[in-house]
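A quick write-up on the structure given underneath.
The values are calculated or read from the model by the stated rules, or taken from the named source; none is laboratory data. Fair warning: this is a prediction, and the values are worked out from it, not measured in the lab. Cβ coordinates were reconstructed from backbone atoms using ideal geometry, including for glycine residues, and neighbour counts include every protein chain displayed.
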Amino acid sequence: MKAAIVTGASSGIGREISRLLMEQGMRVYGFGRTFPKEKEQENTLFVPVVCKLTDLHRVRETVEDIRKKDEICLLVNNAGVGYFGLHEELNPQKIHEMVTVNVEVPMVLTQMLLRDLKRCGGAVIHISSVTAKQNNPHGCAYGATKAALSSFSASLFAEARKYGVRIAAIHPDMTASQFYRNADFEQAEEADCRLDPTEVAQAVLWILQQRQGLNVTEIVLQPQKHRIKRKK
């Protein structure tokens, strides 16, 4: 049975990615801080992995244990953290957390699994952000981490393409989720002003369903209108 590792799988985009992969018959090792007892978590194909991604030693140990049980043919680096506001108002801890979760963890996981992925003709999909492609006042550090992730993805494709490994980065705009809990704004409620997590997950599945020999290296997903909602 093919198996996947999905980070940030407890909610939002990661949960939807996991659900669609399980519908395709894949076993999913979903990394998250906590997992609510919901119906989809009862699926025998889903293996919840409670792990803080900032604990890299624990992350590495956990992945090594998983590799002994299953052949991982897909890595989805979905987990992300963002803190917003004037850069001078951030503290070193928040900056460190963003760099670790958004950049270092995807690089480490990819390094650990790349030989396995070459053997099975697998894939690495990074959930980046539209902020990787633009200026980000009030989100300088977050945007920089996503730009680094997208750059890593593009260079990794150039390096690994001859081995048959699919490498892609998806760049979603504002998506209906809990991601903006650390900001003074959130996604607007109108459907044409936000993405749905399922739509991002469907992009992952679409990439994987392309014929062998065709690699979609990046996708940008944006709602028709750009509008945010200020928190009270």
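Some points to look at:
- Every residue from the stretch 16-38 that is at negative phi, surrounded by fewer than 16 Cβ atoms within 10 Å (Cβ to Cβ) and in a loop (DSSP other than H, G, I, E, B): GLN24, ARG33, THR34, PRO36, LYS37, GLU38
- Residue within the stretch 118-130 that is in a helix (DSSP H, G or I) and over 25 Å from ARG67 (Cα atoms) present: yes
- Unmet criterion (only one of (1) farther than 22 Å from HIS171 by Cβ; (2) crowded, with 21+ Cβ neighbours inside 10 Å; (3) not acidic (Asp, Glu)) for VAL76: (1)
- Scan of the stretch 62-105 for residues that are assigned to a loop (DSSP other than H, G, I, E, B) and touching a Ser or Thr at 6+ places or on another chain (Cβ under 9 Å), ordered by number: ASN78, ALA79, GLY80, VAL81, GLY82
- Which listed residue, of GLN24, GLN41, is modelled with pLDDT under 95 and within 27 Å of ARG194 (Cα to Cα): GLN41
- PHE35 being modelled with pLDDT under 95, of a type in the set (Phe, Trp, Tyr) and in contact with a strand residue (DSSP E or B) (Cβ under 6 Å, 6 or more places away or on another chain): yes
- Qualifying residue in the stretch 131-142 (condition: crowded, with 20+ Cβ neighbours inside 10 Å, within 22 Å of GLU199 (Cα to Cα) and among the hydrophobic types (A, V, I, L, M, F, W, C)): yes
- Flag for SER177 being among the hydroxyl-bearing types (Ser, Thr, Tyr), on the phi < 0 side of the Ramachandran plot and in a loop (DSSP other than H, G, I, E, B): yes
- Among the residues examined, ILE5 does not qualify as at pLDDT 95 or above and part of a helix (DSSP H, G or I).
- In the stretch 39-68, the residues that are exposed (fewer than 12 other Cβ atoms within 10 Å of the Cβ) form Cβ pairs under 8 Å with partners that are modelled with pLDDT of 95 or more, at six or more places apart or across chains, as follows: GLU64/MET112.
- Meets criteria (under 23 Å from VAL81 (Cβ atoms), modelled with pLDDT of 95 or more, surrounded by 14 or more Cβ atoms within 10 Å (Cβ to Cβ) and in contact with a Ser or Thr (Cβ under 9 Å, 6 or more places away or on another chain)) for ILE13: yes
- None of LEU86, LEU109, LEU90, LEU195 is buried (at least 21 other Cβ atoms within 10 Å of the Cβ) and either touching a strand residue (DSSP E or B) at 6+ places or on another chain (Cβ under 7 Å) or more than 19 Å from ALA4 (Cβ to Cβ) (or both) except LEU109.
- Flag for VAL108 being assigned to a loop (DSSP other than H, G, I, E, B), of a type in the set (Val, Ile, Thr) and either touching a Ser or Thr at 6+ places or on another chain (Cβ under 8 Å) or within 21 Å of THR54 (Cα to Cα) (or both): no
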